[in-house]
There are 2 protein chains.
Amino acid sequence: MTLEPVLDRIDAELPAATERLLDLLRIPSISTDPAYKAECDRAADWLVADLESIGFQVSKRPTPGHPMVVAHSGGEGPHVLFYGHYDVQPVDPPELWDRDPFDPQVENLPTGKVIRGRGSSDDKGQLMTFVEACRAWKDVHGALPTNISLFFEGEEESGSPSLVPFMEENAEELKADIALICDTGLYGDSTPAIITQLRGLLGEELTITGPNKDLHSGSYGGIAMNPARVLAKVIASLHDEGGRITVPDFYDGVPELSNELAAAWDDLKFDEKDFLGEVGLSIPAGEKGRRPLEMIWSRPTCEVNGMTSGYTGDGFKTVLPSKASAKISFRLVGTQDPFAIRKKFRKMVSDMIPADCSVSFKDHGAGPAGQMSTTHPAFEKARDALSDEWPNAAAYVGCGGSIPIAGYFKTVLDMDAMLIGFGKDDDQIHSPNEKYDLSSFHKGIRSWARILHNLTQ
Amino acid sequence: MTLEPVLDRIDAELPAATERLLDLLRIPSISTDPAYKAECDRAADWLVADLESIGFQVSKRPTPGHPMVVAHSGGEGPHVLFYGHYDVQPVDPPELWDRDPFDPQVENLPTGKVIRGRGSSDDKGQLMTFVEACRAWKDVHGALPTNISLFFEGEEESGSPSLVPFMEENAEELKADIALICDTGLYGDSTPAIITQLRGLLGEELTITGPNKDLHSGSYGGIAMNPARVLAKVIASLHDEGGRITVPDFYDGVPELSNELAAAWDDLKFDEKDFLGEVGLSIPAGEKGRRPLEMIWSRPTCEVNGMTSGYTGDGFKTVLPSKASAKISFRLVGTQDPFAIRKKFRKMVSDMIPADCSVSFKDHGAGPAGQMSTTHPAFEKARDALSDEWPNAAAYVGCGGSIPIAGYFKTVLDMDAMLIGFGKDDDQIHSPNEKYDLSSFHKGIRSWARILHNLTQ
């Protein structure tokens, strides 16, 4: 089967493909908020119907959380399993969006057209690049170039609680020759990238309780313990002066960057002034003495993702709060053990709580870092395909984010995974005004069409 | 004019007086929240109508914020000016209330009847004790026992921005022989108290900005400055290990307790185990080496009243927040200068902000501590009246709260002020499920009837 007519078809079909994506983006499938459970289900149904229209055998599979969508083409050739997620992040703060996050549209910017809306880049727009590539192959040749399965999750933005049990229960069905994951970005604007290392993630929520109710800070201030002060002390103690994380044994399993990788990354000429300037910053804020790229790709972190206590509305309320809580996440690298770190973090925090306060913890997911082996021949084939599509040759890069699925493909299914995506640094994923460049969408579809072609060569 | 029939009338009129209070409590006059502006106005109108029905000359007086209500009886005898406030605190968190905070009712508890609802104790229930005492005198004798003015404010819970300008502009009209303020409590359950010292209050809100938008903590975590970490560090640095506040020169003007006052307070046999046990605590958390009563009456404090950053909803969001903010209040004593402290606090915080972050401040009011002179003969007359009404003799005590009006009566109008109130420690003012004991309301009305009588003797 020839590639060229498929690429032509993709070009011709772009307006219709964009409409389909807009349709999917209109479904507010926020997985972390129980209020949107039915919407997550609706997004799964949408995918089932769309994949059936391409000729896949599709099933929506219940889990204790949101459903999985699994589809198979059958057929000859190497068997690839494509993964994406149909759930999206919450939209807070809504007032910072220039438009309704779930009323997406194509906007004309000076830099080109973008698809604006929650999930456009993370990950609905990306997963649809692969679906559209399949549709084009099918439309042109009446068949797919190889044996393709798709596996869509609806819990990626809420810690993927059902993922591993589902993979274990359905290992036979999901196992393929190679996994493809589209949830990452380009390197810069025009260099396609295959991720070879990903940080892991440990999510923790802690709530410190002092008095058994909110108190008047006049009547009780000075004699009653204030849990907001205790929480501040805990958070302030999580990093030392040099930016290192103080949880005991935290750095066990954190490897030093190899000379080879250090040289390869230096070749990428990462411009931290540009990268930080884009978001109003200028100074790399991580551990002293580390390369900026190390700070985001190969060093572990501890970040406060949310924090609340007492009265946070307009005006002022002289309350001495009963509770203070924070959501804290750790990005992990190398062989850091998220479960060991959780245990030590909780002990460290508990040891800091004064006699009159108590602390409780809530688990928000834990996944180790991922290290891809690039020896599978699919890696070089994909790299060639990407280099053919884009102005610059494809690069092997690291990624600061956490896509635990990549590790699970290895540990649960013993498959290698290729992480290829077309997002850009300014896509504002997880933030207000998320967008996906129309060129990312278009060239992304073309990239997958090429990769599928190369894999069969 | 005789006292006894007035007291009888108060007893007989209690059910009707309670209904009137419930009516006023139904108006959600939350002054700090602009959404309730019309409700504040409605509460002022309610008072105007009620005072007119007693025969006062009443006016509702506009201010840049919420209106003042001023009423005069005219007539012979010493001229007293009674102050109260008709605005109330916000109700957050609403889910912790056992009933709608603005659908008040009388509840039968094992310990006696209570009036439950926002504002029942702070301050609508208290201000109505005086109004009802006036009504009883008028009903029985056709006149008040002395020359009475009333002065009700609607901004006490939001920093009283209009108070001093209004007092200055209307000094002639407001000036009387003595001011009476009903916004404080009993000492313990059955000892009436006249407050002779009050802490001042400085309210500050600070917002630290790091990145110019919320970021993905995977893409940026480790390289981008997190303002929640900066805020935690600022808050953690406000107290030293001994519980002392670290703002430079903060303790300028903080007096040591006199031996005489120390002895008088020791006589009160304050039981900190009981006081703290009531709210689920057990250990006095203030400066090391200070008496528990000092911690709440005569030592300054710094408390976090509210704190927020990033994602605080259900579930988890791996955001690296753009902003982190806190509401912080200082309780002041002696001659501490709130404006000097504001300046030094802001400088200290600004000096801690790293190069890539900025901080902005918002002023939420500033008032010095108050020290009453008890040489005015009204003090002893009131003390006798209170001792006649209650099981225990009245005491001169301190107060941890801040009622700046007391200081303003002295500084703006050169009047002494007597702070007498009937709230209890367990009234849960500023908290969910605020209540006012029906006995506080009843004996409070009787107390004012007695005080008015004694003042004319």
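Worth a mention:
- Sorting A:35-41, A:363-369 by their mean Cβ neighbour count within 10 Å, with the most densely packed peptide first, gives A:363-369, A:35-41.
- In this simple spin-label approximation, B:His376 and A:Asp45 carry label points 7 Å from Cα along the Cα→Cβ vector, and these lie 7.3 nm apart.
- Computed from the Cβ-Cβ distance with R0 of 45 Å, the FRET efficiency linking A:Ala143 to B:Asn212 stands at 0.35.
- Note on region B:203-276 and region A:194-232: Cα centroid distance 14 Å, given to the nearest whole angstrom.
- Once both labels are positioned 7 Å from their Cα atoms along Cα-to-Cβ, the gap between A:Asn392 and B:Glu173 label points is 7.3 nm.
- Shielding of B:323-333 by partner chains, average beta-carbon count, 10 Å: 4
- C-alpha long axis of helix A:438-455 to longest principal axis of chain A, angle in °: 60 degrees
- For B:Ser237 and B:Lys288, a Förster radius of 22 Å and the Cβ-Cβ distance give a FRET efficiency of 0.75, rounded to the nearest 0.05.
- For the residue pairs A:Lys233/A:Lys344; A:Lys269/A:Lys410; A:Lys273/A:Lys344; A:Lys213/A:Lys362; B:Lys175/B:Lys435; A:Lys60/A:Lys327, alpha carbon separations beyond 24 Å are given by A:Lys269/A:Lys410; A:Lys273/A:Lys344; B:Lys175/B:Lys435; A:Lys60/A:Lys327.
- Label-point gap, in nm, between B:Glu278 and B:Asp314 - each point 7 angstrom along Cα→Cβ: 3.6 nm
- Exercise: per-residue mean of other protein chain Cβ atoms within 10 Å, A:206-213: 3
- The angle between the Cα long axis of helix B:37-54 and the main principal axis of chain B comes to about 10°, on a 0 to 90 degree scale.
- Theoretical ellipticity at 222 nm over chain B - DSSP helices of four or more residues, -39500 (n - 2.57) apiece, nearest 500: -10500 deg cm²/dmol
- Cα centroid separation - region B:7-68 against region A:52-105, whole Å: 58 Å
- Centre separation in Å (Cα based) which lies between region A:138-177 and region A:292-341: 32 Å
- Annotation for B:Pro255, label-to-label distances across the other copies: 7.0 nm (shortest first, one decimal, point 7 Å from Cα along Cα→Cβ).
- Exercise: per-residue mean of other protein chain Cβ atoms within 10 Å, A:229-242: 5
- The packing ranking of peptides B:239-249, B:143-153, highest mean first, is B:143-153, B:239-249, where packing means the average number of other beta carbon atoms within 10 angstrom of each residue.
- Other residues whose C-beta falls under 13 angstrom from the C-beta of A:Glu169 contribute a net charge of -1, scoring Lys and Arg +1 and Asp and Glu -1.
- Label point 7 Å beyond Cα of A:Ala264 along Cβ direction - residues of region A:388-417 with amide nitrogen under 11 Å: A:395-398
- Rounded to 5, the percent of DSSP beta bridges in chain B classed as antiparallel: 70 percent
All of the numbers you see were taken from the coordinates with simple rules; none came from a lab. Computed from a prediction, not measured in an experiment: that's the story for all the values here. Cβ atoms come from the backbone with ideal geometry, glycine included; neighbour counts cover every protein chain shown.
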